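Read the structure below first, then the notes.
The values are calculated or read from the model by the stated rules, or taken from the named source; none is laboratory data. Here the structure is a predicted model, which means the values were calculated and not measured. Note that each Cβ is placed from the backbone with ideal geometry, even for glycine, and that neighbours are counted across all protein chains shown.
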Amino acid sequence: MPAKLAGTTTNTAAPKKNANELIQKGMLAHRQGKFADASKAYEKALKKAPKELAALNLLADAQLNLGKNARALETAHKAIALKSDMPSTWMVKGSAQRRLGKYDDAITSLETALELKPDYTDALMTLAGTLRDAGQLDAAIEAYEDLVEIAPEMAMAYYNLGNALHADGQGDEAVFAFESAIEHDPSYVPSFINLAGVLNSGDRAEDALALSDKALELLPSSRSAMINRGNSLKTLVRFDEAEAQYRELIALNGADATAHDLLGTVLQGQARIEEAIAEYRVAIDLDGKEGLYKGDLSIALLANGSLTEGWKLYEARFGGGDALVRQRRIGLKTWQGESLAGKTLYIWREQGVGDDVRFASCFNDIVDRAKEEGGKVLIETDPRLMTLYERSFPFAEIRAEGDVQFDRDIDYDIAAGSLPGLVRNNLSQFPSTGGYLLPKPDQVAQLRAEIDALGGGLKVGIAWRSRNMTANRRRFYTELEDWKALFGKSNIQLINLQYDTVDEEINDVNSRLDAQIHQVAGLDLMNDLDSAAALTAAMDVVISAPVSVADIAGAVGSRCFAYGPHRHPMCLGTDHLPWYPETTWTGKVWNAPLQQSVDKIVQEVTQLASTK
């Protein structure tokens, strides 16, 4: 037998005992949140007992808490190789995989943890979050709903469910989830903040404001709560209070680009355009990658009459998921004004009917150039506008939106809203007369004969509001009764141009106030826009809210009185709409009653009627 070396022992229990002592030391540090110290203790223990499961499991968890995700994954893998039925280890493994972006692997690991322990709430919470990270929103919602069923008192389950529902566009359900989260934990500020955010976007600004105030009671320094509060005040047109809130944010952190941008929006709402421009520029200096700030600056510059820079920055409306306009690629290149000789240009529509019609005022410039240079122009529009555009722009080919995707035979494409940047860089480039859209002459004559049969007087078409009359938007539009000063006058005949279901409103004022508003039978003003344009052209005068009716009136060359905010961006720094020479714009200062705008228009229309 070999001689026994001095200082050695054959007692294998000693390393095990020492390893246990180190594990206990690590667990103490672990409980105190000292994960680095805990990791060192576990690693020392594993040097003495490499297959000690407790040390491996605890080390993996400590590494995960330290953000050492790859090492945590490796350690968890070693533990599972020794014993594969430990749900907590699968949970750590799945969490590490999630953080490393290995979502499919993470989902498998977390599902394994739940198979081993079906009531493992932490694993189910993590699985739901991983499913959401992986873009599987429906599955994430189902997982959160399962979690709520398993743990009906868990506030965080409701909170995360609310976030997922909101992301899925299920606003009402999200509200219920956040309210449940608050019920189970009224001290958790993010529940108040996120509920306020949902309510802000869901037409309940007053309720959102109250929740933001509560959140700030609980956590006065909350940036998100301050932003929500400012946004609620802005929605409620309490611009001075919103301004104060955003300035408070900036006082806390002058480098907050979002706060500067939001301050700009509320200054612009007060028609303090130059101040708004300054704030937008600060936001861009702080975060030049954020397209929203450039888009906001572009609108303010246009409102201030700075057309060249404004149109250039207007391209910022293209961007990510929240962008105003989705960028598209139809042809080989984006047109930037190159020669059209032997080339095909595709102009694609964007935004709503009003924008479509307004930007169509640039089409003749482009079509004339293409004719001169020997090029070809295709114009995309809303299907409801096709016949009107075919008649108005006979040299161009008119296509319905969506009919043409990418086509290699198309040399260039451009968004309709980008055309002004090429052909409307100063006010002198706007036409002095309107009427670039051409309704059917015989239909205009027929409709004129019908309304002439109503009797003498000025024939006044009226569209008093938007179709989208939510509580938040209602304050910017009139009610039909607000125009009662025009009702029942022998020298004024009112004809409806409102394009949604208005029978109840019109019947009410006709019977109650003797309004005598006429509706032309057989016309679908929502879907038959060619006929709507013909009816509009048949009027002596049009009165319109800031909706597409005003744009159609301007485009067919009808005399129009439109109301809207003072220093509207599309007024381009003037007191009128350069797009539509026959339109009078009545701008409303933010804190003035809307009735002032109504009264001004009524006065002008009444004056016209008296001279007819």
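With respect to the conditions (1) modelled with pLDDT of 95 or more; (2) outside any loop (DSSP other than H, G, I, E, B); (3) within 23 Å of Ala545 (Cα to Cα), Pro439 falls short on a single one, namely (2).
Out of all the residues in segment 378-411, which are more than 32 Å from the chain's Cα centre (by Cα) and assigned to a strand (DSSP E or B)? Scanning segment 378-411 gives a single hit, Glu397. From the list Val589, Val520, Val547, Val542, the one residue that fits, being out of contact with any Gly (no Cβ under 8 Å at 6 or more places or on another chain) and either assigned by the TED database to the domain that holds Phe359 or within 23 Å of Tyr389 (Cβ to Cβ) (or both), is Val520.
Between Asp368, Asp296, the distinction of being surrounded by fewer than 22 Cβ atoms within 10 Å (Cβ to Cβ), in a helix (DSSP H, G or I) and either assigned by the TED database to the domain that holds Asp528 or among the charged types (D, E, K, R) (or both) belongs to Asp368 only. Within segment 232-267, the residues that satisfy the criterion of being in a helix (DSSP H, G or I) and over 20 Å from Ile284 (Cα atoms) are Ser232, Leu233, Lys234, Thr235, Phe239, Asp240, Glu241, Ala242, Ala244, Gln245. Once segment 171-189 is narrowed to residues that are touching a residue at least 12 places away in the same chain (Cβ under 8 Å) and assigned to a loop (DSSP other than H, G, I, E, B), the residue that is nearest to Asp203 (Cα to Cα) is Tyr188. When restricted to residues that are farther than 18 Å from Lys93 by Cβ and either surrounded by fewer than 19 Cβ atoms within 10 Å (Cβ to Cβ) or of a type in the set (S, T, N, Q) (or both), segment 30-48 contains 11.
The sole residue among Ala96, Ala36, Ala45 that is under 26 Å from Thr108 (Cβ atoms) and assigned to a helix (DSSP H, G or I) is Ala96. Is there a residue being of a type in the set (Phe, Trp, Tyr), surrounded by 19 or more Cβ atoms within 10 Å (Cβ to Cβ) and closer than 30 Å to Ala151 by Cα anywhere in segment 224-247? No, because not a single residue in segment 224-247 is of a type in the set (Phe, Trp, Tyr), surrounded by 19 or more Cβ atoms within 10 Å (Cβ to Cβ) and closer than 30 Å to Ala151 by Cα.
Output the residues belonging to segment 425-445 that are exposed (fewer than 13 other Cβ atoms within 10 Å of the Cβ) and within 32 Å of the chain's Cα centre (by Cα). Of everything in segment 425-445, those that are exposed (fewer than 13 other Cβ atoms within 10 Å of the Cβ) and within 32 Å of the chain's Cα centre (by Cα) turn out to be Asn426, Leu427. Output the residue which, of all residues in segment 469-526 that are without any contact (Cβ under 8 Å) to a residue 60 or more places away in the chain and β-branched (Val, Ile, Thr), is nearest to Asp382 (Cα to Cα). Looking at residues that are without any contact (Cβ under 8 Å) to a residue 60 or more places away in the chain and β-branched (Val, Ile, Thr), I get Thr501.
When Glu206, Glu183 are screened for being surrounded by fewer than 21 Cβ atoms within 10 Å (Cβ to Cβ) and under 30 Å from Asn591 (Cβ atoms), only Glu206 passes.
Take the residues in segment 87-101 that are closer than 29 Å to Ala174 by Cβ and charged (D, E, K, R), then tell me which one is surrounded by the fewest Cβ atoms within 10 Å (Cβ to Cβ). Once the filter is applied, the top-ranked residue is Arg99.
Taken residue by residue, segment 505-522 has no member that is surrounded by 13 or more Cβ atoms within 10 Å (Cβ to Cβ), within 20 Å of Ser544 (Cα to Cα) and under 29 Å from the mean Cα position of the chain (by Cα).
Pairs meeting the criteria (first residue in segment 100-129 and without any contact (Cβ under 8 Å) to a residue 24 or more places away in the chain and in the same structural domain as Ala70 (by the TED database), second residue of a type in the set (Lys, Arg) and assigned to a helix (DSSP H, G or I), beta carbons under 7 Å, at least 6 apart or on different chains) are Ser109/Lys93.
Filter segment 125-169 for residues that are outside any helix (DSSP H, G or I) and touching a helix residue (DSSP H, G or I) at 6+ places or on another chain (Cβ under 7 Å); which is surrounded by the fewest Cβ atoms within 10 Å (Cβ to Cβ)?
Checking each candidate, the answer is Glu153.
Among the conditions (1) assigned by the TED database to the domain that holds Val357; (2) in a loop (DSSP other than H, G, I, E, B), Arg467 misses just one, which is (1).
Among the residues in segment 527-534, are any surrounded by fewer than 20 Cβ atoms within 10 Å (Cβ to Cβ) and in a loop (DSSP other than H, G, I, E, B)? So far as segment 527-534 goes, yes, one or more of its residues are surrounded by fewer than 20 Cβ atoms within 10 Å (Cβ to Cβ) and in a loop (DSSP other than H, G, I, E, B). Among the numbered conditions (1) in contact with a Lys or Arg (Cβ under 8 Å, 6 or more places away or on another chain); (2) in contact (Cβ under 8 Å) with a residue 24 or more places away in the chain, the only one that Asn65 does not meet is (1).
Within the option set Leu56, Leu66, being over 30 Å from Leu137 (Cβ atoms), of a type in the set (A, V, I, L, M, F, W, C), surrounded by fewer than 22 Cβ atoms within 10 Å (Cβ to Cβ) and modelled with pLDDT under 95 holds for one residue only, Leu66. Within segment 337-352, being at pLDDT below 95, at negative phi and not small (Gly, Ala, Ser) holds for Trp348, Arg349, Glu350.
Would you call Gly457 touching a helix residue (DSSP H, G or I) at 6+ places or on another chain (Cβ under 7 Å) and at positive phi? The answer is yes for Gly457. Lys484 meets each of the listed conditions (1) assigned to a helix (DSSP H, G or I); (2) surrounded by 19 or more Cβ atoms within 10 Å (Cβ to Cβ) apart from (2).
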